[in-house]
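What follows is a set of notes on a single structure, which appears directly below.
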Amino acid sequence: MNHLSIRNRYFLFVFLFTFTSICYSQKMESNNMITKSEIRLTDEGYRIFLNGEIFYVKGAGVDIRNGSLEALADHGANSFRTWSTENGRKVLDKAQELGLKVMMGIWVGLERHGFDYNNNESVKRQLKSIRRRVIELKDHPALMAWGIGNELNLLSKNPKVWNAVNQISKMIHKIDPNHITTTSLSGMDKKDVDLIAKRAPDLDFLSVQMYRAIEILPESIEKSNYKGPLMVTEWGATGYWEVGKTKWGAPLENNSSEKADFYLSRYKKSIAAQSQQVMGSFVFLWGQKQERTPTWFGMFMRDGNETESVDAMHYVWNGEWPSNRSPRLIDFTIEEKRAIDNIKLKAGDSYFTRVKVNDPDNDQLTYHWEIMRESTSNKTGGDAESIPAIIDGSFSENAAATTNFVAPSYSGAYRLFVYIKDGNHHTAHANIPFWVDK
């Protein structure tokens, strides 16, 4: 009996080991399975399907250098987009680990950067280079779609760019029949939509990028006469080209709470309400960058803290607010004047400034103030900008809701920034442009 018992135990061990190995192998095979994407017209409108299941895109454009993918997943998003294939394998691996899908951007030469689409050899070299990158990444299970170029219509006159986009799309579909393709337009002008329909018909869907103009997306769709599937691949804060300016030309930036309100209202009106054609969106920007100011488009701060716009997207993606919310900014003044008042100060004189803010969770708040020179950048389309210099020595006390500061010694354009932290990785922010006279 002891001998039989040992033998039976041996056979049981072999059976369990074999069964476990088979299950593990099937799990690994499933985890590494190619994600086939396609677009179907359903009763609810156009939808992306991944491996036969509806996938409504709840995503963000992520600055991979400083945008937390862990936070994106934690806040309820299901996907993100990139602008290039840089570190593509690493990005896709991280997405797979977090259960996120990726619209992988393919960087395509821009006419405003000097790319000449009349130069056939340059176009061929670009196509060859892109082909290598597609082959490298096409079978990754986190890959959802290919985004060919970004705002190729911005400051562009040569329509041959769309022929090149069509060539790239056809090449992708030939070597990667499992993934859909698109290109992202700046705005939704009928002329551009018609050019793509004529010159780049191989694309599976159209993508558009709008900021304040997202509020008129329904009218833009109607005017363009576009009837097909659509994605909004950039939207969010009002752009610096869409706001009022001071008399000396400084754009007036919304504070962090005003931006959050826009994120919420714009999503409801122009994305969720356009469900017959819009298959989801990628909000901009899950990260931080300098674009006229260090706070204009980023939903995060340089230290990684979240702004109230992240709260808004958490609500959009989950139907409820996060457990701890960002401070809410009520008012911000210099000598009781606001940004719209064209504030002028005298060099070396002392002034007082005040910010009013509420915290929904009654967290203890801390304050930080900075003065920067006004940006002189005239770049566009998200091109890299340098951060203006901070003026040191302006504040004698830098940690209260009301404080005094000394106007800079040199005449010119500046901005006063205030940052309010709640101790729970959230920051409210605002700035006021002002002019200094000697």
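The values are calculated or read from the model by the stated rules, or taken from the named source; none is laboratory data. Remember, it's a predicted structure, so these values are computed and weren't measured experimentally. Note that we place each Cβ from the backbone using ideal geometry, even for glycine, and neighbour counts take in every protein chain shown. Just so you know, the surface numbers come from the protein's heavy atoms only, side chains and all, with ligands and any DNA or RNA stripped out. Shrake-Rupley method; radii C 1.70, N 1.55, O 1.52, S 1.80 Å.
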- [ ] Mind counting the residues in segment 24-37 that are open to solvent by 60 Å² or more (accessible area, probe 1.4 Å) and at pLDDT 55 or above?
- [x] 4
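Every residue, every condition in (1) surrounded by 12 or more Cβ atoms within 10 Å (Cβ to Cβ); (2) closer than 28 Å to Trp286 by Cβ, yes or no:
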position	(1), (2)
Lys356	yes, no
His368	yes, yes
Ala384	no, yes
Asn398	yes, no
Ala401	yes, no
Open item on the list: Checking the structure you have, find out if any residue of segment 334-347 is of a type outside the set (A, V, I, L, M) and crowded, with 18+ Cβ neighbours inside 10 Å.
Closed with: no
Task: Filter pass, Asn404 being within 25 Å of the chain's Cα centre (by Cα) and in a strand (DSSP E or B) - done: no
Open item on the list: Going through Gly52, Gly76, Gly67, Gly59 one at a time, which residue ends up being surrounded by fewer than 16 Cβ atoms within 10 Å (Cβ to Cβ) and small (Gly, Ala, Ser)?
Closed with: Gly52
TODO: Would you mind telling me which numbered condition in (1) of a type outside the set (D, E, K, R); (2) part of a loop (DSSP other than H, G, I, E, B); (3) open to solvent by less than 10 Å² (accessible area, probe 1.4 Å) Pro433 fails?
DONE: (2)
- [ ] Any chance you could count how many residues in segment 166-178 are in contact with a helix residue (DSSP H, G or I) (Cβ under 9 Å, 6 or more places away or on another chain) and surrounded by fewer than 21 Cβ atoms within 10 Å (Cβ to Cβ)?
- [x] 5
TODO: Please find, within segment 144-165, the residue that is farthest from Asn178 (Cα to Cα) out of those that are open to solvent by less than 10 Å² (accessible area, probe 1.4 Å) and in contact (Cβ under 8 Å) with a residue 60 or more places away in the chain.
DONE: Gly147
Task: Residue among Met313, Met372 that alone is within 26 Å of the chain's Cα centre (by Cα), open to solvent by less than 30 Å² (accessible area, probe 1.4 Å), modelled with pLDDT of 95 or more and farther than 30 Å from Leu152 by Cα - done: Met372
